[in-house]
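Worksheet: the structure to be examined is printed underneath.
The values are calculated or read from the model by the stated rules, or taken from the named source; none is laboratory data. What you see is a predicted model, and the numbers here were worked out from it, not measured in a lab. Cβ sites come from the backbone with ideal geometry, for glycine too, and all protein chains shown count toward neighbours. With ligands, DNA and RNA removed, areas are computed over all heavy atoms of the protein, side chains included. Shrake-Rupley method; radii C 1.70, N 1.55, O 1.52, S 1.80 Å.
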Amino acid sequence: MKKDFILILDFGSQYSHMMARRIREIGVYAILCPYDISIQNIVSKKPKGILLSGSPFSIYDEKPPLISRRLFQLNIPVLGICYGMQLISFLFGGKIEKSKYKEYGKTNFIIDFPKNKLFHGIPKKSFVWMSHFDEVKNLPKELKVIGHTHSCAIAAFIHKNKDIYAIQFHPEVNHTEFGVHILKNFILHICKCHPNWELNNFVQKTVEKIKKRVSSKKVILGFSGGVDSFVAAYIIHQAIGDSLHCIFVDTGFLLEKEKEKISHICKEMNFSIKIIDARERFLSSLTGVIDPEMKRKIIGKEFISIFQQESEKIENVEFLAQGTIYSDVIESSIFHKNFSIKSHHNVGGLPHFMKLKLLEPLKELFKDEVRNLGKELGIPKEILYRHPFPGPGLSIRILGEVNKKKVSILQEAESILLQELKNSDLYESVSQAFMVLLPVKSVGVMGDKRTYEYAAVLRVTKTEDFMTATFSHLPHDFLEKISNRIINEVDGINRLVYDITSKPPATIEWE
């Protein structure tokens, strides 16, 4: 059966990724595309429905992101959300203004016209999640108001003759009481999608694609030791066996004993792996560098250079494989640089001088989907539930310039943190935990003597997909124990603070 899918036109909203996940949870495949994709391209993809996302922009900005009105002539159902709603109204001739009362957070939504497909089965009043500073003030004759809130008179509308729907609130957010119900109404009933998106189909199809594409050539894989690279390696190994060559680069920015752990696990899983000692090379490349984006780009360039050199030592290599996942792509925003949050060293294609082709079997999956896939494939539990570790390693957990002393300080602190999380049976109940070394020193007192050492940050988060996250509510006695151990045992840190910021507005990593 042909796979039905929903196309999300992304205008830069931080909720777009969440929308894609919610749709996949319903059992229908969803993909994100840049808002300025051509009409011809949309037609060729044959989506069953189109969603227009929110955006940080206003419709009256100097150069707002817009789409062609021809989209509404394709006879494909459309749902506009937040900015997407305002955009539909604008393109049909409606009026948009700055809201007198901005709406951020949970609010009461009232349905004015219950006899519509989008709100079928939804009670007249329910809580929804708003996040907007503009609003639709009046509608053209083709559109009809179907819902409002206390401060937003037009919070939802429909086209009178076409399957065009729009809502000011975010149905993809958990705080919207009947958000999933609304999405199901649109996707399953209005778009008439069949829920046939399953991960077990993904593995079989991906293995066949890799066999066909790689054929008798060889593949090198940039191996990080995390769940993404392990699952990618496993799938590729199923497809081409010993034609896969895994390469692990010791950048010098790893956790303590990381290299030894990776080597041991790879032997247990029968993966061929070569470990490259590039510690001095990476450290010297970051001399004097303090900008986080520059760090990531320099490290990405060094990785690519090493992989190119290693590929020349292996006969018949044509592909470089990576464990790139969908959230990497979204955060790096190769769709539109204006929306980019931060660079990922494994996203954005290969430089022109590199002769290898990219192979990224997980590029369409979110982190939780990769983990679920790993379970089905029998990946060891210690890998599946291992906390994510960034490709640039500790270099982006050291704010400011990186040197050997700072790396050593951070390695010791991270080691203590991970030990205590496991000793307290907290490791698997949190999603990611790490330390950040600040370029700030503070005055302390130890043994009746003044100290002047670095301040460090403890960052522990809880998340489903690593695109949104909240801080973990750890027991106070645990936090106290971590603080005491790090300050007493790590020479160079005399103050520890706990980061309680959610994502968004912050990212999980500090750089």
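Things to note:
- Helices in the chain, meaning DSSP H runs of at least 4 residues, each add -39500 (n - 2.57). Divided by all residues, the mean residue ellipticity at 222 nm is -9500 deg cm²/dmol.
- The chain - accessible surface per residue (Å², probe 1.4 Å): 45
- Two-site FRET efficiency, GLU489 against LYS209, from Cβ-Cβ distance with R₀ of 41 Å, rounded to 0.05: 0.25
- Taking the empirical scaling 2.2 N^0.38 Å for compact globular proteins as reference, the stretch 404-498 has a Cα radius of gyration ratio of 1.11.
- Accessible surface of the chain, 1.4 Å probe, proportion on carbon and sulfur as whole %: 51
- Euclidean distance of C-alpha centroids, the stretch 125-192 and the stretch 402-446, integer Å: 45
- Relative contact order for the stretch 404-498, counting Cα pairs under 8 Å that sit 6 or more residues apart, in percent: 30
- For the chain, the longest principal axis of the Cα atoms and the long axis of helix 199-214 meet at an angle of about 70 degrees.
- FRET efficiency, ASN201 to VAL445 (Cβ-Cβ, R0 56 Å, nearest 0.05): 0.35
- Rg over Rh for the stretch 1-79 works out to 0.97, both radii taken from alpha-carbon positions and Rh defined as the Kirkwood radius.
- Theoretical gain in end-to-end length, ASN316 to ILE290 [0.36 nm per residue, Cα-Cα removed]: 5.4 nm
- Taking packing as the residue-averaged number of other Cβ atoms within 10 angstrom, the listed peptides 5-14, 500-509 run from highest to lowest as 5-14, 500-509.
- Extension gain, ASP477 back to ILE275 (0.36 nm per residue minus Cα-Cα distance, nm): 68.7 nm
- Fraction of beta bridges assigned by DSSP in the chain that are antiparallel (%, nearest 5): 50
- Crossing angle, helix 476-489 versus the chain [Cα axis fit, 0-90 degrees, rounded to tens]: 40
- Percent of C-alpha pairs per 10 Å bin, the stretch 202-385, short to long: 9, 36, 40, 14, 1
- Diffusion coefficient, µm² s⁻¹, Stokes-Einstein with Kirkwood Rh over alpha-carbon pairs of the stretch 48-144 at 20 °C and 1.002 mPa s: 145
- Correct option for Cα Rg over 2.2 N^0.38 Å [calculated from the coordinates] among (1) 1.06; (2) 1.31; (3) 1.17: (1)
- Between 0 and 90 degrees, the angle of helix 16-26 with respect to the longest Cα principal axis of the chain falls at about 80 degrees.
- Between HIS150 and LEU426, the C-beta separation translates, for a Förster distance of 56 Å, into a calculated FRET efficiency of about 0.85.
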